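Since the structure comes first, as structure tokens, the remarks are kept for the end.
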Amino acid sequence: MANEVLPEHVRDVRDKTSAPLLDCKKALQEAKGNIDKAIEILKIKGLSKVEKKSGRNTPEGQIFSYIHAGGKIGIIVEINCETDFVARNSEFQDFAKEVAMQIAASDPKYVSKDNMPESFIEDEKKIILAQLHDSGKKPEIVQKMLEGKLNKIVEESCLLNQVYIRDSKLKIEDLLNELVSKLGENVKISRFVRYQIGETSSNE
């Protein structure tokens, strides 16, 4: 049947937006089953409660620490929320532990793309273009390859864009949106520091 959507996709959109189920289904139908497009439709219509919460202040929260690999790697991460009550919530605490383990295992450099210095992106562009200079490919192909490689760098370098180490179908941003949906408050990963024996630390 045209525009038929799967129940699990409706639940997925619901988890990521907290929008009413019927609206999630309608958005998926409008997006012809494309989950990301359905989420965007809900945001445009103002039905995504996660989107609404993302602009709210987060004056509370906690700083978490995690030691990994027999004391060889240490993580300090600040995660903020709206109230002290949520900061003491077990799901908030569990999320913080997962984030700290993600940082230890995947070594991100920034929290999100917004934290990436423009100079970093420009330097990466120059390196990629230099590598592709003698490829003999058409300019439009080179541009697509450049975009693909830059997207890969963002995925590897930015915590929110990284694939979750426990579930390759999810990104850390998905976990964050699910937590916001469950707790009913805005939650923000503000900054982190990753220490590793013999290496300099990184933080954003």
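The values are calculated or read from the model by the stated rules, or taken from the named source; none is laboratory data. Note that the structure is predicted; figures quoted are calculated from it, not measured. For neighbour counting, all protein chains shown are included, and Cβ atoms are generated from backbone atoms with ideal geometry for every residue, glycine included.
This table checks each residue for (1) surrounded by fewer than 17 Cβ atoms within 10 Å (Cβ to Cβ); (2) under 20 Å from residue 39 (Cβ atoms).
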| site | (1), (2) |
| --- | --- |
| 158 | no, yes |
| 168 | yes, yes |
| 174 | no, yes |
| 180 | no, yes |
| 187 | no, yes |
| 196 | yes, no |
With hydroxyl-bearing (Ser, Thr, Tyr), touching a residue at least 24 places away in the same chain (Cβ under 8 Å), in contact with a Ser or Thr (Cβ under 6 Å, 6 or more places away or on another chain) and closer than 27 Å to residue 102 by Cα as the only criterion, which of 157, 181 stands out?
181
Test: residue in the range 140-154 that is touching a helix residue (DSSP H, G or I) at 6+ places or on another chain (Cβ under 6 Å), at pLDDT below 95, closer than 30 Å to residue 72 by Cβ and not in a helix (DSSP H, G or I):
no
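Can you spot a residue in the range 116-125 that is farther than 26 Å from residue 199 by Cα and assigned to a helix (DSSP H, G or I)?
Residues of the range 116-125 that are farther than 26 Å from residue 199 by Cα, as a first pass: none.
Scanning the range 116-125 turns up no residue that is farther than 26 Å from residue 199 by Cα and assigned to a helix (DSSP H, G or I).
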In the range 163-187, how many residues are under 14 Å from the mean Cα position of the chain (by Cα) and under 19 Å from residue 15 (Cβ atoms)?
17
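Checking the condition within 15 Å of residue 191 (Cα to Cα) and either at pLDDT 90 or above or of a type in the set (Gly, Ala, Ser) (or both), which residue from 90, 106, 119, 112 passes? Steps first, please.
Values: 90 fails: within 15 Å of residue 191 (Cα to Cα); 106 fails: within 15 Å of residue 191 (Cα to Cα); 119 fails: within 15 Å of residue 191 (Cα to Cα).
Only one candidate qualifies: 112.
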Could you please let me know if residue 195 is closer than 23 Å to residue 97 by Cβ and in contact with an Asp or Glu (Cβ under 8 Å, 6 or more places away or on another chain)?
no
Residues of the range 16-41 being buried (at least 20 other Cβ atoms within 10 Å of the Cβ) and under 19 Å from residue 175 (Cα atoms), which ones?
16, 17, 18, 19, 24, 38, 39
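Let's see how each residue does on (1) touching a strand residue (DSSP E or B) at 6+ places or on another chain (Cβ under 9 Å); (2) in the same structural domain as residue 188 (by TED's automatic domain parsing); (3) under 24 Å from residue 168 (Cα atoms); (4) free of Cβ contacts under 8 Å to residues at least 60 places away in the same chain:
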| residue | (1), (2), (3), (4) |
| --- | --- |
| 82 | yes, yes, no, no |
| 88 | yes, yes, no, yes |
| 91 | no, yes, yes, no |
| 103 | yes, yes, yes, no |
| 127 | no, no, no, yes |
| 134 | no, no, no, yes |
| 138 | no, no, no, yes |
| 145 | no, no, yes, yes |
| 151 | no, no, yes, yes |
Subset of the range 51-68 [modelled with pLDDT under 85, buried (at least 18 other Cβ atoms within 10 Å of the Cβ) and closer than 17 Å to residue 79 by Cα]:
53, 58
